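Written out below as structure tokens is the structure these notes cover.
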Amino acid sequence: MFVKPFRYERASSVTEACALLREYDGEAKVIAGGQSLLPMINLGLVDPSAVVDISRIAGLDGVAERNGSLDVGALTRHRALEGDALVARHQPLLAEAVRSVGNTRVRNRGTLGGSLAHGDPAAELPLAMTVLEAEYEVSNGNATRTIAAGEFPLTYFTTQLAEDELLTGVRVPKLPAGWGWGFHEVSRRPGDFAVVAAAAVVRCRGGAIEDARVGLAGVSERPVRLTSVEAALAGVPVSQIEDVVGEVDAIEPITDTMASAGYRRRLARVLARRVLADACQRSEGAD
Amino acid sequence: MSADEIRTSKAEELRVVNRPLARHDAAEKIAGTTRYAADLALGGMLHARLVRSQVPSARLVRRDVSRALEVPGVVAVLVGEDVPHNEVWVDVPGQTTEVVALKASMQVLATERVRFHGEPIALVVTETEDSLAAACEAVDVEYDLLPGVFEPEDGLREGAPAVHDQGNLLAEWNIDRGDVDAAFARADVVVEGEYATQFVDHAYLEPEAGVAWMDDDGVLNIRVATQVVEHYRDVARILGVPDSKVRVIAPYVGGGFGGKEDMTVEPYLALAVAHTRRPVRMTWTRNESLLARAKRHRTKMRYRTAASRDGTILGQDVEITSDAGAYAYLSALVLLYSSVHACGPYRVDNVRVRSKTVYTNNPPTSAFRGFGGMQVVLGYESQMDELARELGLDPAEVRKRNSLRRGDVLPVGQPIETEVLLAETIDAVIERAGDKPVPRGPRRAVGRAIASNMQSYGRLVWLNDSAAAWVGFQLDGSLTVRCGVPDIGGGQASSLAQIASEILGVDMDDISVHFGDSALTPLAGTTTATRQLLMSGNAVYEAATMLRNQILGAVAAERDQPVGSFEMAPGEIAGVDQNVPLKQALMICRRRNVPIEALGTFYGPKGREVGRELHAERIFPDFTFGTHLVDLEIDLDTGQVRLLRYVASHDVGRAINPMIVEGQIAGGAVQGIGQALLEEVVMQEGVNMTGGFFQYLIPTAADVPDIESVIVESGEGLGPFGARGVGEPPIGPPAAAVAAAICDAVGARPTTLPITPERVPDCIDRGRSREGGTAA
Amino acid sequence: MTQDITVTLTVNGRTVTRAAGAHLSLLRWLRDVADVTDPKYGCGEGVCGACTVLVDGEPVSSCIVLAAQVDAAEVTTVAGLAGADGVLDGLQQAFLEHGAAQCGFCTPGMLMAATELVSRGVRLDRDTIRGELHGNLCRCTGYQAIVDAIASVAGGERG
Ligand code: FES
Ligand code: FES
């Protein structure tokens, strides 16, 4: 609560925001909803010399349909995403994931871009984007680049964003016809950070899996896709998911005050099976 | 809303008492106009913050404040040498010097040695809150790390690092009653178990805070969120001034639960004001509150219980070890409560209790709702269930069979003098709950269990407890109550108004209660130990009764009629043939030199101080008994536990205000559920890992079901109108009930709190192998 | 290097303009600058909800929003719920009658969360109320009386 004073800069465009970030040379933090940054400042975990407020930059929020994708502005608030008709229709996994984020107040203020740029390895939205193979639009005010969701987070609270870059938008492919989805998380209390979260999208036909993507959050330094499980699932009858998803390797869970590494391993297995089962059921239902 | 259900014996004709009236402090709280400790701002006010130890055990090599003094806005930086008497004494009663010095001390600001992560080292005072962070950072502290003790067992080992020079054993208590070994020898069945409870934080919503200032006549005023205004004496001692020069005022407090029983911000505010002569405010952050304020004792318990085939308990052998943390605080007394309550609400004739509390380099531990009487519920109730299981008996029956009755003697030697309706509370929750639910899906299991408890109310009898209250009419017929009780949210002040209203016939709306002021209200003692209704309630009862008698006497004399022909009624004195309006009656008193005010003092039951070998004819005034029932469902894959239904019943003697009682029961039950399933102050080698509300998890509305309460009224309590205290008791049963319900669902019992989801799969596995074992 | 910044907010119908530290959270701005002390500090992490106020009708944690960010907004705190004559509104009255405030420290935030919840105009069963309120902690009541009070206004009375 007793924070060290910092300056407040309000940017009215992406160019201006990036210029400000360069001006402060790594000492400034971007703020949009502030729901991740301000708790950290209040706890004394970061003390920037300035915050650059991008929340009033025009044109960076909302969901639009483009070709086979949804374009979601980085400033789109969780609450808006949660209630968005396009998201509900074309990418219900995303709608479900965002419903699990924080509490009402966090969802009112928090933004999609803020959540993704925060780089929390247990967060729901980076996981969803990884499994959905979304792409992020990133700008430094002069040039833009596109980064695959799965490659964007690097490690705990660290992403590919350069110090003068902003995440401006996300392109989420629509869930193709015939695919089903699943999302589950275990948190200690509702609204808490996930201990482990899992997401999957699957195409089934005739009781067997044709194509599957499954990922986990909270089990490594960043969200992970279970690529070997995915490969092993091709052609597998739905009834045999349990056997294929055995011990989940390729994860490196840690022990913290929420859960032990061992319990996270258990959840990884249980939740991976559950999201796959749900996704298969929805896929079959969609046929 | 009235309580869910009230079962009354010994009904009385009551007008105001026993009714679910809105509390008289509620409207302001709901309107947002109540000014809590941190809400006060005074002209020219400074701000203060503590520099705290970053390590759990170290010698302080350097404390250099020179850089901090240069930070713009800094007015003063104080260290231990600036404190006139840099010591807070705590009595460790009943212990011989071979255990520990009879007094234990802690420095207000550490000078040479720090013993826990978060211990105060320096006090920074600044013009604005904005300089606090930079100023604290600029205080240069150099540590020479010392080995620490982090487990009580380690602290007792030969050659363990000494937390304090006099040794790591802070206190021990023994109870020996009957012949335990003989009881075990003739038992049909013996069950045993080890149980462990965790460090718990009070986590009230209002962090520690206060504002202090100097009066024109040199009295230091501290308006602070506290349960104990009598700490003015401790503050005076630290400053080296007469007691009369310090005044502590407790505004409405945003939750206490024992956490605001010891001093928090008081000495620091006092020092800052004494040094700067300006008003000062100090608010602890949530992080400071979680780091540094004393916690509930982590406790390990070993129980062995001997019984006959019909479930009658023959003997019990109990060992208790608690973690006293870095400083004594109230650990010795908390352990005494654990020891006295160790066998629970059951008659056990052969008992051995051995208990110890040990210094460690963990945060200090002290008072918390239940005060040591709470941890042992997990022990004795788990034993009751194991016994029932072993003998194939109904757990409810085993409890009823062994329930204490009036006249039975507790292991410590105190006879039970009031009627015990434990069995009624057991029946009440079971009847209310009806059928056990069925699992909602595959891979789920449901369980049901009950747990009972007893919890003392009122302070230890040798503390010579007393409470005073002043009740006076205004000339317009409205009423003023003055009583030193701090109101920590339990409706303490409101209950006093309700009692005065009952006796004097004054409308609740026409009563003002002035409370919690060590200088202006008659001292009423601490709002702790579930004592305020007993003590202040009786003091007000007494003062109001005296006042009533004065007025009735004056009116009777004036009218030349016997006193018995008048009684107090709303707005008037009702006579046999004629009523006298209240205002007129008050004028009669004035004319006849009869005071229209009265000071009542209530003295608690007395007894002699105990020694380390606990034996006393009386140790507590009385006890409250109750039973909780829980239904829960377990996800067999993830181990997640969901409570489906919760019913709680206590014999509260008489519910002065059923709405308040119901609130205490629901609040206590949910706090207990938090301790059962969620909460733990996690320490890693003395470093607190749960420094925020992100990590320290208290139950949300979505984590708990409705708490249905069944209030049982025996009319047998020692409080006014036969009330028993109900503040602490409801926190006792939940953890034991939840653990037992999990055992009911999966076949094996969790024995370590909190029962996080990851501890459940182990129970499932053990339950399976137990089943397998039986089958084979 | 403290930067002062002028912020104008309409707080409970009253327009307040103040120049104060740019780093101030809305909570500190309200409490220390505008002397609106009914929102409470409980954690500063956005977890407890004691600081909940409505900003343009939406509940936010005022401890993790900068005053500067919401410049020109309309802010409602619990002190703004009662009528000009001090008469409690329906939800406040329900809190009073059900004993939903014990220590009362969570109450200012709890009432603002509940106000927005009830304003959605849908009938709320007890489980929904519990689910929607999980961001507002109370350590005294066990939530029982709070859920009772909200249910009495928004539907599902206790069975
Ligand atoms: S103080 Fe803002 S959520 Fe706790
Ligand atoms: S009434 Fe005390 S925290 Fe809710």
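The values are calculated or read from the model by the stated rules, or taken from the named source; none is laboratory data. Keep in mind the model is a prediction, meaning the values are calculated, not measured. As a convention, Cβ positions derive from the backbone with ideal geometry for all residues, glycine included, and neighbour counts pool all protein chains shown. Quick note on the areas: whole protein, heavy atoms, side chains included, nothing else; ligands and nucleic acids left out. Shrake-Rupley method; radii C 1.70, N 1.55, O 1.52, S 1.80 Å.
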If I filter the range B:698-721 down to residues being surrounded by fewer than 24 Cβ atoms within 10 Å (Cβ to Cβ) and within 14 Å of chain C (Cβ to nearest Cβ), which single residue comes out as farthest from B:G668 (Cα to Cα)? B:A702
Every residue in the range A:91-110 that is in contact with a His (Cβ under 8 Å, 6 or more places away or on another chain), more than 7 Å from chain C (Cβ to nearest Cβ) and part of a helix (DSSP H, G or I), please. A:V98, A:R107
Scanning for something open to solvent by 10 Å² or more (accessible area, probe 1.4 Å), assigned by TED's automatic domain parsing to the domain that holds B:R399, modelled with pLDDT of 95 or more and in a helix (DSSP H, G or I), does the range B:728-738 turn up at least one residue? no
Go through the range C:102-151 and give me each residue that's buried (at least 24 other Cβ atoms within 10 Å of the Cβ) and among the acidic types (D, E). C:D148
Scan the range B:235-262 residue by residue and report those that are of a type outside the set (K, R), away from ligand 2 (no atom under 16 Å from the Cβ) and modelled with pLDDT of 95 or more. B:V235, B:A236, B:I238, B:L239, B:G240, B:V241, B:P242, B:D243, B:S244, B:V246, B:V248, B:I249
Counting residues that are open to solvent by 10 Å² or more (accessible area, probe 1.4 Å), which strands (runs of 3 or more DSSP E) fully inside the range B:193-282 reach at least 2? B:209-214, B:246-249
Does B:V219 meet the test of being away from every other protein chain (no Cβ under 14 Å) and touching a strand residue (DSSP E or B) at 6+ places or on another chain (Cβ under 6 Å)? yes
Taking the range C:11-56 as the region of interest, how many residues are within 13 Å of ligand 1 (Cβ to nearest atom), without any contact (Cβ under 8 Å) to a residue 40 or more places away in the chain and in a loop (DSSP other than H, G, I, E, B)? 5
All-but-one check, B:A37 against (1) more than 10 Å from chain C (Cβ to nearest Cβ); (2) open to solvent by 30 Å² or more (accessible area, probe 1.4 Å), failing number (2)
Check on A:A148, farther than 23 Å from A:G59 by Cβ and either touching a Phe, Trp or Tyr at 6+ places or on another chain (Cβ under 6 Å) or among the aromatic types (F, W, Y) (or both): no
Identify the single condition in (1) crowded, with 24+ Cβ neighbours inside 10 Å; (2) more than 14 Å from every other protein chain (Cβ to nearest Cβ); (3) among the hydroxyl-bearing types (S, T, Y) that B:T527 does not satisfy, given that it satisfies every other one. (2)
Taking the residues in the range C:47-62 that are over 12 Å from C:L26 (Cα atoms) and either within 11 Å of chain B (Cβ to nearest Cβ) or aromatic (F, W, Y) (or both) as candidates, determine which candidate is farthest from ligand 2 (Cβ to nearest atom). C:V47
Turns out the helices (runs of 4 or more DSSP H) fully within the range C:65-159 with at least 1 residues that are closer than 30 Å to A:P5 by Cβ and within 14 Å of ligand 2 (Cβ to nearest atom) are C:107-119
Residue list for the range C:21-46, restricted to those being within 16 Å of ligand 2 (Cβ to nearest atom) and of a type in the set (S, T, Y): C:Y41
Number of the condition not met by B:T751 [criteria: (1) touching a strand residue (DSSP E or B) at 6+ places or on another chain (Cβ under 7 Å); (2) open to solvent by less than 10 Å² (accessible area, probe 1.4 Å)]: (2)
Which condition number in (1) in contact with a helix residue (DSSP H, G or I) (Cβ under 8 Å, 6 or more places away or on another chain); (2) farther than 20 Å from B:P734 by Cα is the one that B:Q675 fails? (2)
I'm trying to understand the selection: among the residues of the range A:56-80, which are assigned to a loop (DSSP other than H, G, I, E, B) and open to solvent by 30 Å² or more (accessible area, probe 1.4 Å)? A:R56, A:A58, A:G59, A:D61, A:G62, A:N67, A:G68
Within the range A:232-257, residues being under 30 Å from B:P754 (Cα atoms), over 20 Å from the mean Cα position of the chain (by Cα) and open to solvent by less than 50 Å² (accessible area, probe 1.4 Å) number 3
Selected residue [open to solvent by less than 50 Å² (accessible area, probe 1.4 Å) and under 32 Å from the mean Cα position of the chain (by Cα)] from B:G73, B:G44, B:G32: B:G32
For the range A:136-143, does any single residue satisfy the condition of being assigned to a strand (DSSP E or B), open to solvent by 30 Å² or more (accessible area, probe 1.4 Å) and touching a Gly at 6+ places or on another chain (Cβ under 8 Å)? yes
Restricting the search to the range C:1-10, which residues are part of a loop (DSSP other than H, G, I, E, B) and touching an Asp or Glu at 6+ places or on another chain (Cβ under 7 Å)? C:T2
Quick count over the range C:63-114, residues being under 26 Å from C:I5 (Cα atoms), within 9 Å of the chain's Cα centre (by Cα) and more than 9 Å from chain B (Cβ to nearest Cβ), is 1
Name every residue in the range A:224-269 that is part of a helix (DSSP H, G or I), modelled with pLDDT of 95 or more and within 14 Å of another protein chain (Cβ to nearest Cβ), in order of residue number. A:A261, A:G262, A:Y263, A:R264, A:R265, A:R266, A:L267, A:A268, A:R269
Under 6 Å between Cβ atoms, at least 6 apart or on separate chains: pull out the pairs that start in the range B:182-207 with a residue that is more than 14 Å from chain C (Cβ to nearest Cβ) and end on any residue that is surrounded by fewer than 20 Cβ atoms within 10 Å (Cβ to Cβ) and of a type in the set (V, I, T). B:Y195/B:T751; B:A196/B:T752
Assess whether B:A556 counts as being among the aliphatic types (A, V, I, L, M) and without any contact (Cβ under 8 Å) to a residue 12 or more places away in the chain. yes
Quick one: would you say C:V11 is within 14 Å of chain B (Cβ to nearest Cβ), away from ligand 2 (no atom under 16 Å from the Cβ), open to solvent by 10 Å² or more (accessible area, probe 1.4 Å) and farther than 30 Å from B:T527 by Cα? no
Looking only at the range C:25-35, count every residue that is open to solvent by less than 10 Å² (accessible area, probe 1.4 Å) and either more than 16 Å from the chain's Cα centre (by Cα) or not aromatic (F, W, Y) (or both) and tell me the total. 4
What about B:Q578, is it open to solvent by 10 Å² or more (accessible area, probe 1.4 Å) and free of Cβ contacts under 8 Å to residues at least 24 places away in the same chain? yes
